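Structure first, commentary second.
Throughout, read-outs are computed from the coordinates displayed, never taken from laboratory work. Being a predicted model, the structure only gives us computed values, none of them experimental. Cβ atoms come from the backbone with ideal geometry, glycine included; neighbour counts cover every protein chain shown.
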Amino acid sequence: MKRPVLAANWKMNNGPTAAKKFMDAFLATYGRRDDRTVIVFAPSVSVSIVAASIGNRSDVIAGVQNIYWAEKGAFTGETSAAMARDAGARVTLVGHSERRHVFGETDEQCAKKCAAAARGGLSFMLCIGETIEQREAGETERLVKRQLREGLTQTENLISVDFSIAYEPVWAIGTGLTASAADASAIHTVIRSELRDMIGTRANEIPILYGGSVNSTNAASLLRAPEIDGLLVGGASVEASSWLSIAQT
Ligand code: PGA
């Protein structure tokens, strides 16, 4: 039986005051569950409030949406893995499509961030996925394999590092268009087999999440697909009531 990962990506929403309200409302209703893991990827300014609300519950984890690869120094505006960890984050997103497409992040930069996360004691969730043009040109498989391989090239001892993958087709993010469970499963199978090629049977333990316009209506059918180990949810995760119904799917 898989233990699904349900991950909320608040994006640029929920500063400390709203984050506290969200966590109070969510945790008041969401009782401890050992059959799934919930992650809340908060903006860095809200990570410590999220972590403090979670306290010592191990079924809910605080995450950060982005880190920089250097350990410290003159990088105004950036947050290192160690700083995020100190604030209470246990995991970071890397290579979210908005980081790639709005901020121009490259595979090489993603690779540095994954490596920095692992060095700094953070798990990472590497996000990969094709644009609509790439899908229509039949490039999806080649593209996700490249993003996967290149994103992981700089992480030492990959075989023993704690990480996960989120497959998020760019055309499905924030658009209301969701990949069907069958379409997503086909790409998850490609990702799993590429991972096996890289790290052998350890690949079977790496959660592969789907993301892109997930909501409380489509979450259950996506999660039922055996190849889909969890969901990464943006818009529908920003309000506690909507997130609660997805986390309880
Ligand atoms: P969405 O975003 O659920 O709003 O489509 C998903 C994501 O960007 O992680």
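Checking the conditions here, which among ARG100, ARG85, ARG119 is within 16 Å of the ligand (Cβ to nearest atom), among the basic types (Lys, Arg) and surrounded by 15 or more Cβ atoms within 10 Å (Cβ to Cβ)? Matching residue, one of ARG100, ARG85, ARG119: ARG100.
Yes/no per residue for (1) without any contact (Cβ under 8 Å) to a residue 24 or more places away in the chain; (2) charged (D, E, K, R); (3) buried (at least 19 other Cβ atoms within 10 Å of the Cβ):
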position	(1), (2), (3)
ILE165	no, no, yes
PRO169	no, no, yes
ALA172	no, no, yes
GLY176	no, no, no
SER180	yes, no, no
ARG192	no, yes, no
LEU209	no, no, yes
LEU231	no, no, yes
VAL238	no, no, no
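Scanning region 180-194 for residues that are of a type in the set (A, V, I, L, M, F, W, C) and more than 17 Å from the chain's Cα centre (by Cα) turns up ALA181, ALA182, ALA186, VAL190.
Taking region 138-158 as the range and being under 19 Å from ASP229 (Cα atoms), among the aliphatic types (A, V, I, L, M) and more than 16 Å from the ligand (Cβ to nearest atom) as the test, only LEU148 passes.
Each residue in region 72-83 was checked for being over 16 Å from PHE103 (Cα atoms), of a type in the set (D, E, K, R) and within 22 Å of the chain's Cα centre (by Cα), and 0 pass.
The residue that is nearest to the ligand (Cβ to nearest atom), counting only those in region 213-249 that are β-branched (Val, Ile, Thr) and out of contact with any strand residue (DSSP E or B) (no Cβ under 7 Å at 6 or more places or on another chain), is VAL238. Pairs linking a residue in region 8-20 that is away from the ligand (no atom under 16 Å from the Cβ) to a residue that is assigned to a strand (DSSP E or B), with Cβ atoms under 7 Å and 6 or more positions apart or on different chains, are ALA19/ALA42.
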